[in-house]
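> Provided herewith is a single structure, encoded as C-alpha cells, for subsequent inquiry.
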Amino acid sequence: MTRLRLSLLFCLLAPCLALPSQAAKQPNILWIFIEDMSAWIDCYGDKVNQGKTPNIDALAKQGVRFSRCYVPCPVCSPCRSAMITGAYQTTNGIHNHRSSRSPAGAIRLPKRVTTLPQIFRKHGYATFNSGKEDYNFVFNMDELYSVSGKKRNLTAWRSLPKGKPWFGQIQLAGGKSNTKKWKDKVDPASITPPPYFPNNKLFRKWHAHHFDTVRQTDSDTKNIMDGLKADGLLENTIIFWFTDHGNNHSVRAKQFCTESGTHVPLIVLGPDERLEAGALRKDLISTLDISATSLSMAGIEIPDYFDGVNLFAKDFKARDHVISARDRCDYTIDYIRTVRTENYRYIRNFLTDRPLLQPQYRDNRDYVQFLRKGHADGTLPKLTDEIFFGPRSPEELYDLTADPHEIKNLAKDPKFTNELKRHRMILAEWQKSTDDKGQYPESDAGLQEVLDQWKSRCVNPEYDRVRKK
C-alpha cells in the first residue's frame, strides 16, 4: 500500500479512532434526587444529626456545598417538571401538581422546549432514571431515557449500553423513607418543634422521624457512592446531590412558599477543577441552575429558554433574588408566589378567601387531625391557630436574619415600606416577563381531570365551573 493510500485511510479512520478518548473526556452526570427532605444534616449545621450523616458530609468535603439553594416550587411534580425542562413550571403551563394525567387533560410542551435527557441523548449520552418521574406534561419514556424503570435501583448505570457517557437520575425516598428498622433513632423527647407548632409529644415524634429519614438517606447515599467506586466511575462522574423541597410533615414546609418549604441542600462534586474540595458557596441559587450546570459540565450549550445558569461559569453573576411558586396541589387550589432576597422573604397570597391549612392530602395524618380538632375546640396555641386557620394577609414580609421561623409579618410595618415595595416590584416584573401561567384560571379539562379523580374532596369554588357543565 502506498504512503498516499495509508494517509487517506488514516484520515478516514481518524474520527472513529478518536471516539473512545473523546467519550472518556465527557463526564457522566449523576443526579441523586431526594424526596421531601430538609437540610437537617450535620454539614448544614444541624445539631441533632451532628456526627450522624457521615456519608453526606463526606460529599461536602469532597466538593462544593451550596448553603442557599431554593426550588422553583415546594412540591414534587412542578419542581421536577421545571428541572427536567430547565425553565420555570409557570412559564410552560406545567405548574399545577399532578396535572396532565389523562388524555383529556393532556398538556404538551411548547415546540421549542426539549427535556434535559433528550438534549443529552442528542449529544451522544445514554440516559436513565431510577424511580419516579412525576412530570406534568405528555412525554414518551423511550425518547427521554435509554433505559428506565420505576423501581429504585442504586446502581442503575449498570443497565446502560457500554461505551457512552451517561446522564442519570437516582431517586431516593428521603423524607418518605421507612425507618421502622432504623436502629439509631432520635429520641423525640430531645426535640423542640418550631415555635408555630404545639410543643407536645405528637409534634416532637414527627420532627424526630424526619431526622431519622435523613439518617436513612445518608445510608442510601453511601450505597450509591460505594457502587460508583466499585465500578471505577468516581474518576469520571460529576454528582449533584439535592432534594426536591422541604419535609412533608411540617405542614408549613412542603407545598408552601416558606423558607422551610423552598430551601434545599445542594452538593456538587466530581473530577472538575472548578469543584474545589470543601468549598462553600453562599450565593442565592435555584435548582434550575442544576439543569443548566449539568449541560455545561458536559460541554453542551445551554438552551436560550433555560431559566438557570452555569454555577461555575467564569462570568457567573450571583442572583439578587430567587422566585418560587405554588399552585394547585392535588385537589387543593391555591396561588402563592414568593421572592427570596439576601435577608428577606416576600410572600404574595392571591387567594385570601381560604386558610393556609385547606383540605389536603395529609388530612388523614394525626398531626393534621390534631390541628383541625384543636382549632374547632379552641385549644390550639394562639400563634398556631393564627398561622394555620386565621385570615391570610395578601402580603407577607419576613426579616429572615431576625426571624428565621417567619412569624412576624412586617408587611404593614411602616419601617419596611421600601422593602415591601421593592419585593412587590420584583415579583410583578417576573410575572409579566415570564407570562406566569398561574395568573390564569386552570382549563376546564384540567379541573375535570382532578374532579374525576378526587370527587367530593374538590371543595374549592373553582370546581363549580366544571360541575355545572
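The values are calculated or read from the model by the stated rules, or taken from the named source; none is laboratory data. Note that the structure is a prediction, hence the values are computed from the model and not measured. Note: ideal-geometry Cβ built from the backbone for every residue, glycine included; neighbour counts use all protein chains shown. Remember, those area values only see protein heavy atoms, side chains included, never the ligands or the DNA or RNA. Shrake-Rupley method; radii C 1.70, N 1.55, O 1.52, S 1.80 Å.
> Percent relative contact order of region 99-172, based on C-alpha pairs within less than 8 angstrom and at least six residues apart?
36
> Using alpha-carbon pairs under 8 Å, 6+ residues apart, how would you state the relative contact order of the chain in percent?
Rounded, it is 21 percent for the chain.
> Moving to a separate point now. Residues with amide H under 5 Å of PHE167's amide H, sequence separation 5 or more or different chain, H placed in the peptide plane at 1.01 Å from N; which?
Sorted by chain and number, the residues that satisfy this are ILE29, ALA126, THR127, PHE128.
> Between HIS123 and GLU429, what FRET efficiency follows from the Cβ-Cβ distance if R0 is 30 Å, with the result rounded to 0.05?
Efficiency, rounded to the nearest 0.05: 0.30.
> Using only the Cα atoms, work out Rg/Rh for region 334-469, with Rh taken as the Kirkwood radius, to two decimals.
Rg divided by Rh gives 1.02.
> Full extension from ASP320 to ASP363: what is 0.36 nm times the residue separation minus their Cα-Cα distance, to one decimal in nm?
Answer, rounded to one decimal: 11.8 nm.
> Compute the FRET efficiency between LYS468 and LYS47 as 1/(1 + (r/R0)^6), taking r as their Cβ-Cβ distance and R0 = 51 Å, and round to the nearest 0.05.
0.40
> How do 286-298, 369-381 rank on mean C-beta neighbours within 10 Å, highest first?
Per-residue Cβ counts within 10 Å, averaged per peptide and sorted highest first, yield 286-298, 369-381.
> Could you give the nm distance between label points at ASP226 and ASP187, where each point is 7 Å from its Cα heading toward the beta carbon?
It is 3.0 nm.
> Same structure, new question: Beyond 32 Å between alpha-carbons counts as too far, so tell me which of LYS317/LYS432; LYS25/LYS317; LYS162/LYS282; LYS254/LYS455; LYS180/LYS282; LYS314/LYS412 fall in that bin.
LYS162/LYS282; LYS180/LYS282; LYS314/LYS412
> Would you please give the residues with an amide H less than 5 Å from that of ARG281, counting only those at least 5 places away or on a separate chain, with H modeled from the backbone geometry?
ARG65, PHE66, SER67
> 222 nm [θ] for the chain, helices only, -39500 (n - 2.57) per DSSP H run of 4+, per residue, to 500?
Dividing the helical sum by the residues of the chain leaves -10000 deg cm²/dmol.
> Another one. Region 428-469 to region 388-413: how many Å between their Cα centroids?
Cα centroid to Cα centroid, the span is 27 Å.
> Charges at C-beta only: +1 for Lys and Arg, -1 for Asp and Glu. How large is the resulting dipole of the chain about its Cα centre, in Debye rounded to 20?
Once rounded to the nearest 20, the dipole reads 780 debye.
> Loop only by DSSP, 13 or fewer other Cβ within 10 Å of the Cβ. Give me the trypsin sites (Lys or Arg not before Pro) in region 173-224 that pass, ordered by residue number.
LYS180, LYS181, LYS183, LYS185
> Leaving ligands, DNA and RNA out of it, report the carbon-plus-sulfur percent of the accessible area of region 360-405 at a 1.4 Å probe.
Within region 360-405, the accessible surface is 56 percent carbon and sulfur.
> Computed from the coordinates I sent, Rg and Dmax of the Cα atoms in Å equals one of (i) 26.6, 97; (ii) 23.5, 97; (iii) 30.9, 128. Tell me the label.
Checking each listed value against the structure points to (ii).
> What residue among CYS79, GLY131, VAL113 has its Cα farthest toward the positive end of the dipole of region 50-198, where the charges are +1 on Lys, Arg and -1 on Asp, Glu, each on the Cβ?
GLY131
> Still on this structure, please answer the following. Among the trypsin sites (Lys or Arg not before Pro) in region 248-340, which ones are in a DSSP loop with at most 11 other Cβ atoms within 10 Å of the Cβ? Mind listing them?
LYS282, LYS314, LYS317
> What nm value, rounded to one decimal, do you get for the distance between ASP272 and GLU235 when each label is placed 7 Å out toward the C-beta?
About 2.0 nm separates the two model spin labels.
> Could you please state how large a percent of the accessible area of region 167-206 is carbon and sulfur, counting protein chains only and using a 1.4 Å probe?
Ligands and nucleic acids excluded, carbon and sulfur reach 53 percent.
> Scan around ARG152 for amide H atoms under 5 Å from its own, H built in the peptide plane at 1.01 Å from N, and keep only partners 5 or more places away or cross-chain.
none
> For region 239-283, which whole-number percentage of the solvent-accessible area (1.4 Å probe, protein heavy atoms only) is attributable to carbon and sulfur atoms?
Answer for region 239-283 is 45 percent, counting heavy atoms of protein chains only.
> If you take the charge dipole of region 268-352 about its Cα centre, with +1 on Lys and Arg Cβ and -1 on Asp and Glu Cβ, which of SER286, ALA325, VAL268 is farthest toward its positive end?
ALA325
> Same structure, new question: Specify whether the C-alpha gyration tensor of region 215-329 places it in the rounded, prolate or oblate class, a ≥ b ≥ c being the square roots of the eigenvalues: rounded for a/c under 1.5, otherwise prolate if a/b is larger than b/c and oblate if not.
Oblate is the answer for region 215-329, as a/c is 1.5 or above yet b/c matches or exceeds a/b.
> Would you mind calculating the gained length between ASP444 and LYS151 on full extension (0.36 nm times residue separation, minus the Cα-Cα distance), in nm to one decimal?
Here the answer is 102.1 nm.
> Then there is this: Where only protein heavy atoms count, and the probe is 1.4 Å, what is the accessible area per residue for the chain in Å²?
45
> State whether region 105-175 is rounded, prolate or oblate according to the following rule on the C-alpha gyration tensor (a ≥ b ≥ c being the square roots of its eigenvalues): a/c under 1.5 gives rounded; otherwise a/b larger than b/c gives prolate, and the remaining case gives oblate.
Oblate is the answer for region 105-175, as a/c is 1.5 or above yet b/c matches or exceeds a/b.
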